[in-house]
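The structure under discussion appears below in the form of structure tokens.
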2 protein chains.
Amino acid sequence: MSQDTHKVSLQLRSLVRGSGELELSLVELPVPEPGPDEVLVRIEAAPLNPSDLGLLFGAADMTTARSAGTDARPVVTAKIPDGLMRAMAARVDVSMPVGNEGAGIVIAAGASAEAQALLGRTVAAFGGAMYSQHRCVKAAQCLPLPPGTTAAEGASCFVNPLTALGMVETMRLEGHSALVHTAAASNLGQMLNRLCLEDGIGLVNVVRSAGQAELLRSQGAKHVCISTAPSFTQDLTDAIAATGATIAFDAVGGGRLAGQLLACMEAALTRSGGEYQRYGSTTHKQVYIYGALDTGPTELKRNFGAAWGIGGWLLPGFLQRVGPETTQRLQLRVLAGLKTTFASRYTKVVSLAEALSLEEIAVYGRRSTGAKYLVNPNKGGVA
Amino acid sequence: MSQDTHKVSLQLRSLVRGSGELELSLVELPVPEPGPDEVLVRIEAAPLNPSDLGLLFGAADMTTARSAGTDARPVVTAKIPDGLMRAMAARVDVSMPVGNEGAGIVIAAGASAEAQALLGRTVAAFGGAMYSQHRCVKAAQCLPLPPGTTAAEGASCFVNPLTALGMVETMRLEGHSALVHTAAASNLGQMLNRLCLEDGIGLVNVVRSAGQAELLRSQGAKHVCISTAPSFTQDLTDAIAATGATIAFDAVGGGRLAGQLLACMEAALTRSGGEYQRYGSTTHKQVYIYGALDTGPTELKRNFGAAWGIGGWLLPGFLQRVGPETTQRLQLRVLAGLKTTFASRYTKVVSLAEALSLEEIAVYGRRSTGAKYLVNPNKGGVA
């Protein structure tokens, strides 16, 4: 073991109590020992993705958050509304580590050749519990970063890049040739825009504000529609007609947006007029909901003919669908574009303790902003 | 040509005027002459299916219906709400014949051997304009009924039987092993129940009233859930758990039912407890909406994990998906069971003029009742 390992290692935990309370805290664990085919990674960068916030906050109302403990060991509690406790049943009293992906340095390795080969390398990994100072990972699960790549640059190798690539792959697999993306000014949205520009794929970006539209246009986006504009329906129909998009990926989930996407696709398809078709266009129109920026109910007016579908879309399900060969091809593409197409930007780097300050939670917890945080569990040295 | 053809033939028409008015009337047309590969059918039976009502009434509010004209040539008008005229744009001022399917006697035939072979036969046909005293149809489109089968017995050979078979085929094609059906006391629902009993397929019947539940149980249905009962969610979850149903066909469309079906499937799948899965069960749950008994918006709470889909389902799209060989196989099965599994029952037989009486419209137009009408365009002799 390297001298860089310590007896105690911090890990961020999220706990739902049967009393209806969420508790976030840091626990002290022994530094884990890697098994034969494992490596020990000192995590130096792990993004706070929207998908992490779901596990971190559960169904808690974070406007009720209070802080106790010390600056170094904060304990945040928040109330979970009664009606939402049922969905939390399976995680009551289970203290859960958080953090889907991250990157760091391999500071110890098991006996296997595969593990030993990674000693000293900066690697990215996917698999939970990344808001930890130390994390044992199977060597086979590590993605060694190209020389000259920092942990911060490699922290978001999986979730956003594979999601953007997965959307484009799904579009192709299901026979569509252009796509619509909502919440398009997000880190993921900007990445998808770069990817579509690179591959010459028609993309309609739906955003909420003129500022977000300007941001995307400054990055070369051709079709940007502002959902709060009075002309939104017309703008969206025009952009869909121009690109031929018949599939959309929606991060909002609740409200009327998903239905509007289908209705505008239908309007674009039937715009040319012609004979009355009582069941509308026979071209299949698809919306995949992959997020829940609006956790309210989805409302569908069903004013979009009969050839439509809406469904859930998640990265793990997609990767399972396409299999390991395609997954590997996509990962190699991510590595090749890690500093360009698939680069992530962060507004702030925080330590584990800082990630649990009410001030920071109020910023990164506002899921609909462009604020994106990176956690460095070893910021300021090891506890 | 047979002496049974006449110079004038009545046809029911539905017309949407730009002024926002629906007009239903009977038009007098010359009896059509069959082309070489066509036959002339004297239509004696054509059902008023829910799918016909959509074309017949359009978006009109039938509570505003008024009648003019004579008993023999009634003219019914009704108001179309302003907000719904947009969806009617493509049919404004286009006088449309109605009636998806029907049966009758071939009274004249074109020169081709295929057409000639049908002379004098009782045939069923699918293809619109069946609320007509005479209808020319391609010989290849006719389904000659087995000897001893009346036109009334063969009038509903296509829509309901192929829809019931199509649901079961779709279930199998998409990897499910049992299904849920809503509005299950309908003619179609009773047929699906008979089909599932015959094939040993688990079926959960969702109905609105205890009377409807009793009706289905008296026909051997094992799982019947009453959507208005306080215990509905529990009953539905139990029935879904018992059958393993992960696909549903929903005729209601609007409201919360489609989402409830998914939520109860998810509850049945995760009922056994076990480890907390943040995105719910990974088993795909599907609802197909094939009707619109409730034309209001569909509301989805999305409390059913991430592996779900909702979409439109229509018979023509299904038949196109499976192709002509499967379609023919299904049609042969329908013919074999026309007096048993695939028999339809009607509450009344009406003439074309009677179909346009306000009293009858008030009965068969109430789409959610069990009342099913058969139109005999030649009832009481030819005009």
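Listed by first and then second residue, the pairs with beta-carbon distance under 9 Å, at least 6 apart or on different chains, first residue in the stretch A:59-75 and under 22 Å from A:Gly380 (Cα atoms), second charged (D, E, K, R) and surrounded by fewer than 16 Cβ atoms within 10 Å (Cβ to Cβ), are A:Arg73/A:Glu28. The helices (runs of 4 or more DSSP H) falling completely within the stretch B:151-268 that include 2 or more residues that are within 14 Å of another protein chain (Cβ to nearest Cβ) and open to solvent by less than 10 Å² (accessible area, probe 1.4 Å) map to B:159-173. Have a look at B:Val334, B:Val375 and point out the one that is over 22 Å from B:Leu195 (Cβ atoms) and touching a residue at least 12 places away in the same chain (Cβ under 8 Å). After applying the criteria, what remains is B:Val375.
Does A:Val98 satisfy the condition of being within 30 Å of A:Leu143 (Cα to Cα), open to solvent by 50 Å² or more (accessible area, probe 1.4 Å) and within 14 Å of another protein chain (Cβ to nearest Cβ)? For A:Val98, the condition - within 30 Å of A:Leu143 (Cα to Cα), open to solvent by 50 Å² or more (accessible area, probe 1.4 Å) and within 14 Å of another protein chain (Cβ to nearest Cβ) - is not met.
For the stretch B:275-311, the set of residues classified as under 22 Å from A:Arg256 (Cβ atoms), at the interface with chain A (Cβ under 8 Å from one of its Cβ atoms) and not polar (S, T, N, Q) consists of B:Ile289, B:Ala292, B:Pro297, B:Glu299, B:Leu300, B:Lys301, B:Arg302, B:Ala306, B:Trp308, B:Gly309, B:Ile310, B:Gly311, listed by residue number.
Picking from residues in the stretch B:55-84 that are touching a strand residue (DSSP E or B) at 6+ places or on another chain (Cβ under 7 Å) and assigned to a loop (DSSP other than H, G, I, E, B), the one that is farthest from the other protein chains (Cβ to nearest Cβ) is B:Arg73. Of all the listed residues (B:Ala111, B:Ala87, B:Ala115, B:Ala125), the sole one being part of a loop (DSSP other than H, G, I, E, B) and either open to solvent by less than 20 Å² (accessible area, probe 1.4 Å) or of a type in the set (A, V, I, L, M, F, W, C) (or both) is B:Ala111. Evaluate the stretch B:312-328: report whether one residue or more is open to solvent by 20 Å² or more (accessible area, probe 1.4 Å), under 30 Å from A:Val92 (Cβ atoms), in a loop (DSSP other than H, G, I, E, B) and within 13 Å of chain A (Cβ to nearest Cβ). Looking through the stretch B:312-328, none of the residues is open to solvent by 20 Å² or more (accessible area, probe 1.4 Å), under 30 Å from A:Val92 (Cβ atoms), in a loop (DSSP other than H, G, I, E, B) and within 13 Å of chain A (Cβ to nearest Cβ).
Check the stretch B:58-75 and report whether any residue there is under 30 Å from B:Leu143 (Cβ atoms) and either of a type in the set (Phe, Trp, Tyr) or in contact with a His (Cβ under 6 Å, 6 or more places away or on another chain) (or both). No, every residue in the stretch B:58-75 fails to be under 30 Å from B:Leu143 (Cβ atoms) and either of a type in the set (Phe, Trp, Tyr) or in contact with a His (Cβ under 6 Å, 6 or more places away or on another chain) (or both). When B:Gln141 is tested against (1) surrounded by fewer than 24 Cβ atoms within 10 Å (Cβ to Cβ); (2) modelled with pLDDT of 95 or more; (3) more than 18 Å from the chain's Cα centre (by Cα), just one condition goes unmet, and that condition is (2). Please indicate, with yes or no, whether at least one residue in the stretch A:289-307 is hydroxyl-bearing (Ser, Thr, Tyr) and at pLDDT below 95. Within the stretch A:289-307, one or more residues are hydroxyl-bearing (Ser, Thr, Tyr) and at pLDDT below 95.
Out of curiosity, is A:Glu28 surrounded by fewer than 20 Cβ atoms within 10 Å (Cβ to Cβ), over 22 Å from the mean Cα position of the chain (by Cα) and not in a strand (DSSP E or B)? Taking the combined requirement at face value, the residue does not satisfy it.
The values are calculated or read from the model by the stated rules, or taken from the named source; none is laboratory data. Predicted model, so just to flag it, every value in this text is computed and none were measured. Please note: Cβ atoms are built from the backbone with ideal geometry, for glycine as well, and neighbour counts cover all protein chains shown. We work out accessible area using only protein heavy atoms, side chains counted, and drop any ligands, DNA or RNA first. Shrake-Rupley method; radii C 1.70, N 1.55, O 1.52, S 1.80 Å.
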